[in-house]
Amino acid sequence: MDTHIQSLGPCLFPTPLHHIGSVEAPFKDDEDRILFRHETSTSQLEEEEESSPVSFEVAGPRERLYFDPSRTTVGIVTCGGLCPGLNDIIRGIVNQCHNQYGINKVYGFRYGYEGMVQRYGHTPFVLRPASVAQAHHFGGTFLGSSRGQQDVGDMVDTLEDMGVDILFVIGGDGSLRGASQITKEIERRGLKKAVVGIPKTIDNDIMFLDKSFGFETAFAAAVQAVTCAYVESTGAVNGVGLVKLMGRDSGFIACYAALAGSNVDFVLIPEVPFDLEGPRGFLEALRYRLVRRGSVVVVVAEGAGQELMGGGMGVDASGNPRYGDVGLFLKDRINGFFKERRMEVNVKYIDPSYIVRSVPANAQDNVYCSRLAQSAVHAAVAGKTGMLVGRWHGSFVHLPLDMVTHGRRKVDPKKELWHSVLESTGQPPNLR
């Protein structure tokens, strides 16, 4: 696992951050590291005795900079789907550049990578602290976003034409792969430009991160939908509250919303396959629970049960597989199952996906976004490139883009989170 962070060259400029108020800035250097593993076993200790343990470079301000702030131009782009906290990140970058480093040229590219291709005609915004002062009170991204790949050469041409020295890419897995391609094209041309990513995913599925920004806000909003489903289910004869939450390949939002809501009977996630039919299938377990309790709440992640729906539905503009609507699919199958048994059922289906991802970040995520933005600017002005910032074991670190984009973080059915869900819901551990 290569955790080395690329650097554009020697840092020759003194930082303006010698003092923050009356307190000396907590400068870091590249030798400050955070270990990858925080749990140990005998076999791991034996392996690490033979080689250096894997570790990540600590984020934070450096005493000397690669870029001269007075001559530096910054670009910011937000890509992919919406997520709570995007405006907080933009605001944090702009304020850190202007107020701490004295970087006065900050541009915001509009509508994702599409805004970095000149033929589309999306004129970049000039961003200043005054223009982003209230941005964190609103959901979404005021820069706009888009999905889909763009020509890397065209995007780097735009960076050259505008004299952009540092590009901040705020996006998920596909967007970070695009940032990696931009980094490689910049390197191929022999240019000295930094590309720093800030990982964004509402599904919390980016590798080597404690959590992604916006996740706490998202599952807090999801809990409200789960609560509504409980109220609806208890207000009807044999009521079934069915809630579909975001989570294409990872069921973190579904798990956390169920644990926080505490009135959930079944959680269905992509990592744990299930059957519909049969004596141990989901529908029979649902019938048994409904007979016993009179009402049931089911939370399903959008990527769960796709194998039951038969066949794919192509790909979206970003190249991701299009999934079938498992919420509507389950609604129909539940109604059909009970109709065959001549048993009354009242299914109340709730899909809060766009509400969950469009709300403003809460206070906890607001703080997290601010610290991510600060760490990203510290890294970029020190000439770090081809990397992203994230939090690992409670510390902010630098991670290579290529390492992070080679997989997805998932709920492990053998570990504590899923076991907590099973204990909370009381559902059978195996619905097959």
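Laboratory data are not the source of any read-out in this text; all were calculated from the coordinates shown. A quick note: this is a predicted structure, and the numbers were derived from the prediction, not measured. Neighbour counts run over all protein chains shown; Cβ positions are idealised from the backbone, glycine included.
Semi-axes of the equivalent ellipsoid of the chain are 43, 24, 20 Å, computed as sqrt(5λ) over the eigenvalues of the C-alpha gyration tensor in descending order. If the chain linking ALA363 and ASP29 were pulled fully straight, counting 0.36 nm for each residue of separation and taking away their Cα-Cα distance, it would gain 117.2 nm. Taking the Cα centroid of the range 50-111 and of the range 355-432, what is the distance between the two, rounded to the nearest whole Å? Centre-to-centre (Cα) distance: 18 Å. Here the Karplus curve 6.51 cos²θ - 1.76 cosθ + 1.60, taken at θ = phi - 60°, turns the phi angles of the range 238-246 into couplings of 6, x, 10, x, 10, 10, 9, 10, 5 Hz, with x standing for Gly and Pro. In the chain, the longest principal axis of the Cα atoms and the axis of helix 215-234 are about 20 degrees apart. In the chain, the longest principal axis of the Cα atoms and the axis of helix 326-340 are about 0 degrees apart. Build a GNM of the chain with springs between Cα atoms under 10 Å: which of LEU276, LEU399, LEU388 gets the top mean-square fluctuation? Sorting by GNM fluctuation, first place goes to LEU276.
Beta bridges assigned by DSSP with both partners in the chain are antiparallel in approximately 40 percent of cases. Kindly flag which residue pairs out of LYS200/LYS410; LYS348/LYS415; LYS244/LYS331; LYS184/LYS410; LYS105/LYS384; LYS105/LYS200 have an alpha-carbon separation exceeding 22 Å in this structure. Cα-Cα > 22 Å for LYS348/LYS415; LYS184/LYS410; LYS105/LYS200; rest within.
The gain in end-to-end length when the HIS38 to ALA236 segment is fully stretched comes to 66.4 nm, 0.36 nm per residue minus the alpha carbon separation. In terms of surrounding Cβ atoms within a 10 Å radius of their Cβ, VAL126, VAL326, VAL297 rank from fewest to most as VAL126, VAL326, VAL297. Legend: ranking of residues ASP402, ASP2, ASP29 from fewest to most surrounding C-beta atoms inside 10 Å; resulting order ASP2, ASP29, ASP402. The dipole here belongs to the range 122-272: it is taken about the Cα centre, uses +1 on the Cβ of Lys and Arg and -1 on the Cβ of Asp and Glu, and is about 220 debye.
Using the Cβ-Cβ distance between SER262 and HIS18 with R0 set to 45 Å, the FRET efficiency from 1/(1 + (r/R0)^6) comes to roughly 0.35.
Among ARG289, ARG391, ARG371, the largest mean-square fluctuation in a Gaussian network model of the chain, built with springs joining Cα atoms closer than 10 Å, belongs to ARG289.
Basic side chains Lys and Arg get +1 at the Cβ, acidic Asp and Glu get -1 at the Cβ, and with that the dipole of the chain about its Cα centre reaches some 1280 debye.
In the range 331-432, which GluC sites (Glu not before Pro) fall in coil by DSSP and have 13 or fewer other Cβ atoms within 10 Å? Counting only loop positions with at most 13 other Cβ atoms within 10 Å, the GluC sites (Glu not before Pro) in the range 331-432 are GLU344. Label positions at ASN346 and MET1, each projected 7 Å from the Cα along the C-beta direction, are separated by 5.1 nm. Considering helices alone, the calculated mean residue ellipticity of the chain at 222 nm is -10000 deg cm²/dmol, with DSSP H runs of length four and up weighted by -39500 (n - 2.57) and normalised per residue.
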